[in-house]
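The values are calculated or read from the model by the stated rules, or taken from the named source; none is laboratory data. Please read all numbers here as calculations on a predicted model, not as lab measurements. Counting neighbours? That spans all protein chains shown, and the Cβs are built from the backbone with ideal geometry, glycine included.
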Amino acid sequence: MNEINFLEDYISNPFLSALLYLIVFFVIAKIADFIIIKILKRLAKKTKTDFDDRIISFAHQPIFFTIFLIGFIVAFSQFELKEKLEIAFNSTIYSIILIIWTFSAIKVTRLFLELIFEKLSDSTGLSKDIFPLFSVTSKTVIIIIFASTILSIWKVDITPIIASAGIAGAAIAFAAKDAFANLFGGISIFLDKPFKIGDVIEIEENQRGKVLNIGLRSTRIYTPSGTMLTVPNAEIANARIINESLITPLAKVSLDLRVSLNSDGRLVEKILLDIANNYALAVKEPAPVVRFLEFSESSLKFLLIIWIEDISKTFAARNDINYEIKKRFSEKGIEIALPQREVHIRNEKTE
């Protein structure tokens, strides 16, 4: 009977009851921590990547402290206190839990971004120099979410703040609409992968060259003339792109030429192929191509295509081949066609 009375006194004692709850929640937290460290970590080590191992390392402490701090809330509820004091205590505990998880979220987000950038830099050539931009942006977003949640926990009306932030955000978005357009254009390039660093591409308006860098705002192209062309990603995202490197990594050199109507087409084709096959910069595979395209008003139109290894030597190749064509055509009496017009003069008597 005395033991029962002692137990009832123990349970009815708020200090002893609160202590009991703290011990129980501490044990539960330790059990959860043991499961995460001993079991989940052991399973994670069997995977090929260390990403899950690091996630577990970041998560086990927040889980332990969350369970243990909830025990403080339950233990504190055993005391008959004023409502305001209880709300203030609970809000403080929730704020501490939120702070712990905010730091963990920042670490996990950074780890996730590192993994993404490592894969993207391998497949698209995305520069790792822009990693800090994404890291700071993600951290800022997490801190904003944390601040708004803290204000909600402490029953602070955030409606005016959200309204002000919305107006400010709209103003900033309008002022930086071109920057955002280029940013989303860059993201679409990374996702669609129409080209990668090292590819020879042609964009509308005869913008052609070798891709040297793909950034968030713009893409840099090395043109055949030896200049660096910087094209905003918004333009690339909305343009038609010819990726010559999908067929071959070599640079294509094409020449259109016209000869007079009375020329021997087969002889012209033979001369052009001979010039192309013996040109030092032209590769053997793919082989040069000559095509008789059409009869025009006063000429025969031919197309000569060769491939070279270095796009920066495109103009030099055109120069050399044009001189050789002029020389060989002159030797064989083949006339380069010039635009011709027939003019008929009518002689009418005037009264």
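Quick test of your reading of the structure: Val211 fulfils all but one of (1) crowded, with 16+ Cβ neighbours inside 10 Å; (2) at pLDDT 85 or above; (3) over 18 Å from the mean Cα position of the chain (by Cα). Name the failing condition by number.
Here Val211 clears every test but (3).
Which condition number in (1) part of a loop (DSSP other than H, G, I, E, B); (2) at pLDDT 90 or above is the one that Glu285 fails?
Every condition holds for Glu285 apart from (2).
Only residues in the stretch 144-157 that are not assigned by TED's automatic domain parsing to the domain that holds Glu86 and surrounded by fewer than 13 Cβ atoms within 10 Å (Cβ to Cβ) count as the first member; pair them with residues that are small (Gly, Ala, Ser) and not in a helix (DSSP H, G or I), Cβ under 6 angstrom, at least 6 apart or cross-chain, and list the lot.
Correct list of pairs: empty, since none qualify.
Within the stretch 67-89, can you find the residues that are buried (at least 16 other Cβ atoms within 10 Å of the Cβ) and in a helix (DSSP H, G or I)? Show your work before the answer.
So the first thing to find is which residues in the stretch 67-89 are buried (at least 16 other Cβ atoms within 10 Å of the Cβ), and the list is 67-73, 75-78, 89.
Of everything in the stretch 67-89, those that are buried (at least 16 other Cβ atoms within 10 Å of the Cβ) and in a helix (DSSP H, G or I) turn out to be Ile67, Phe68, Leu69, Ile70, Gly71, Phe72, Ile73, Ala75, Phe76, Phe89.
Take the conditions out of contact with any Gly (no Cβ under 8 Å at 6 or more places or on another chain) and in a strand (DSSP E or B) and apply them to Thr248. Does it pass? Quick ask: steps written out before the conclusion?
Numbers: out of contact with any Gly (no Cβ under 8 Å at 6 or more places or on another chain): yes; in a strand (DSSP E or B): no.
No, not satisfied.
Mind checking which pairs have a first residue in the stretch 261-281 that is part of a loop (DSSP other than H, G, I, E, B) and a second that is among the hydrophobic types (A, V, I, L, M, F, W, C) and surrounded by 14 or more Cβ atoms within 10 Å (Cβ to Cβ), Cβ under 7 Å, 6 or more apart or different chains?
Close Cβ pairs (under 7 Å, with a partner that is among the hydrophobic types (A, V, I, L, M, F, W, C) and surrounded by 14 or more Cβ atoms within 10 Å (Cβ to Cβ)) amount to Leu261/Leu300; Ser263/Leu300; Ser263/Ile334; Tyr279/Ile306; Tyr279/Ile321; Leu281/Ile308; Leu281/Ala317.
Check the stretch 127-141 and report whether any residue there is assigned to a helix (DSSP H, G or I), closer than 22 Å to Phe65 by Cβ and either at pLDDT 85 or above or under 24 Å from the mean Cα position of the chain (by Cα) (or both).
yes
If only one of Phe302, Phe292 is of a type in the set (Phe, Trp, Tyr), loosely packed, with under 15 Cβ neighbours inside 10 Å and part of a strand (DSSP E or B), which one is it?
Numbers: Phe302 fails: loosely packed, with under 15 Cβ neighbours inside 10 Å.
Selected residue: Phe292, the only one of Phe302, Phe292 that is of a type in the set (Phe, Trp, Tyr), loosely packed, with under 15 Cβ neighbours inside 10 Å and part of a strand (DSSP E or B).
Please verify whether the stretch 245-258 includes one or more residues that are without any contact (Cβ under 8 Å) to a residue 40 or more places away in the chain and surrounded by 13 or more Cβ atoms within 10 Å (Cβ to Cβ).
Checked against the condition, which is being without any contact (Cβ under 8 Å) to a residue 40 or more places away in the chain and surrounded by 13 or more Cβ atoms within 10 Å (Cβ to Cβ), the stretch 245-258 yields no hits at all.
Name every residue in the stretch 317-336 that is assigned to a helix (DSSP H, G or I) and in contact with an Asp or Glu (Cβ under 9 Å, 6 or more places away or on another chain), in order of residue number.
Going residue by residue through the stretch 317-336, those that are assigned to a helix (DSSP H, G or I) are 317-332.
Matches in the stretch 317-336: Arg328, Phe329, Lys332.
Consider Ile197 carefully, then state whether it is surrounded by 14 or more Cβ atoms within 10 Å (Cβ to Cβ), of a type in the set (Val, Ile, Thr) and over 21 Å from Thr248 (Cβ atoms).
Numbers: surrounded by 14 or more Cβ atoms within 10 Å (Cβ to Cβ): yes; of a type in the set (Val, Ile, Thr): yes; over 21 Å from Thr248 (Cβ atoms): no.
When the stated conditions are applied, Ile197 does not pass them.
I need the full set of residues from the stretch 230-260 which are over 28 Å from Val283 (Cα atoms) and of a type in the set (Gly, Ala, Ser), in order please.
Result: Ala234, Ala237, Ala239, Ser260.
For the subset of the stretch 33-66 comprising residues that are part of a helix (DSSP H, G or I) and of a type in the set (S, T, N, Q), which member is modelled with the highest pLDDT?
Filtering the stretch 33-66 for residues part of a helix (DSSP H, G or I) gives 33-44, 51-66.
If we keep only those that are of a type in the set (S, T, N, Q) too, we end up with 57, 61, 66.
On the way: Ser57: 76, Gln61: 85, Thr66: 91.
Only one residue tops the list, namely Thr66.
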